[in-house]
Amino acid sequence: MSNSMDPNEARRLLSESERLLPDISTPPLPGNLRTGGGSTRRWVAVSSGVLVTAAVASVAVWVGTVGTNSSPRVSSAAGTDLPSPTVALSVSATPPPSSTATAEASGSPSPSIANCSANDLSAELGSISGFSFHTIDTIKLMNTSSMPCQLEGYPKIEAYTQSGTSIPITVVNSTSTVLGDVGPVESVTIAPEHEVGFYIGSVRDPNGACAPIIGAGVRIIPPGSDVPLPQLEIQVGLCSGLTVYVSPIVDKTTLPGD
Amino acid sequence: MSSAKRPQPTVTLEELTRVYLSEYRLLVRTAAFLLRSPADAEDVVQHVYVHLISGHNNIRDLDKVAAYLRRSVVHRSNSVLRHLRVAQRHASRTETPATVADPYDAFERNTMVAALRNLPRREREAVVLRYYADLSVQGTADAMQVSAGAVKAYTSRALTRLAELLRESS
């Protein structure tokens, strides 16, 4: 009796195992219809208190590197740990001149990757955290187009009631949140059907002066765009005069607590 | 006298994206087999894609892109596994488990998947790339960045070990 598995048996077992995987969303082919089914990735809710790094309701907690703009680079969890495309892609039957044969991963996003417009994006409320008068919503932005696009900086946030009346709020942009620092402002490239995110937070008035407006939401205007996404109801307790803290758009994997 | 070579045209972003999309499903599922947490598979593949397109203006050979994506997925999966090991060592005792339903539960409870997890990394890669991704020995060697002989050795050892593990589990 053979002590080794037959390769065909291995194929069969792997194929059976593969069928147990959830229907992983497939990005649409250019020009084709979307397959739907959403991303299977999990945005696990941050449990209250676990990641408390600041319990004091203080603007200083939030105000970090407002407006800081480090050298743009493609955002990812581990940056440059991939094999260089130089090695992978410079091989051809007729070796081209070395000066032009490589795919240098310069770290800078290609200028030909367009900024994401509102038409390219859909917004969704992700995890919600709340503790000690702080409420923080994670907003997920998915690239629903068939091409990659990029975002860099802070989204513009406007608050509205359910019926569309503007709610005056003060928006403070900051890389620091009570959940931790989200890192520098940098360019984030989003593949089709993939998501990035940002935080919207508020510090509730312990005296209850701010009565949250039920059903109120925000309109998110992507950086570099003037057109807002459809209104999204959020849970930060929007009310007139509220100060909300907005993080820059970051790769999902860099969100603290995620 | 040397004749001037005509510069090859640059691969367009659309062409790269087309290759990526055509390979996407297989790449994600391959990564799901290689990773401890298959939920990370999509992130791994996106990471690879973003890395790829960041330098697309200089890519000349579209035929190599699929192989590059496969190699990068293997490489990136290894990075994620390494990171996971470090993270587990430093995991806080106060961490609370996720309470959401895990869509990968059935997959992770599967006997074959469990057996794969018990293989050394290189053997797991060899089996997954050869018999799931259906790559040739050379294609697997390219993706793993090892020799064809090494692939054969890893595969042989993996099949022997898998047979043992599955016998033990039954």
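Throughout, read-outs are computed from the coordinates displayed, never taken from laboratory work. Predicted model, so just to flag it, every value in this text is computed and none were measured. FYI the Cβ positions are ideal-geometry reconstructions off the backbone, even for glycines, and counts take in every protein chain you see.
For the residues of B:60-68, the average number of beta carbons from a partner chain within 10 Å of their own beta carbon is 5. Of A:HIS134, B:HIS75, B:HIS51, the sequence from fewest to most neighbouring Cβ atoms within 10 angstrom is B:HIS75, A:HIS134, B:HIS51.
The calculated FRET efficiency for the pair B:GLU15 and A:THR144, based on their C-beta separation and a Förster distance of 25 Å, comes to about 0.70.
3J(HN,Hα) along the range B:144-157: 8, 6, 9, 7, 4, x, 5, 4, 4, 5, 4, 5, 4, 5 Hz, from the Karplus curve 6.51 cos²θ - 1.76 cosθ + 1.60 with θ = phi - 60°, whole Hz, x for Gly and Pro.
Neighbour counts of C-beta atoms inside 10 Å place B:SER72, A:SER117 in the sequence A:SER117, B:SER72, starting with the fewest. Residue separation of A:ILE214 and A:ARG12 scaled by 0.36 nm, minus their Cα-Cα distance, works out to 67.3 nm of gained length.
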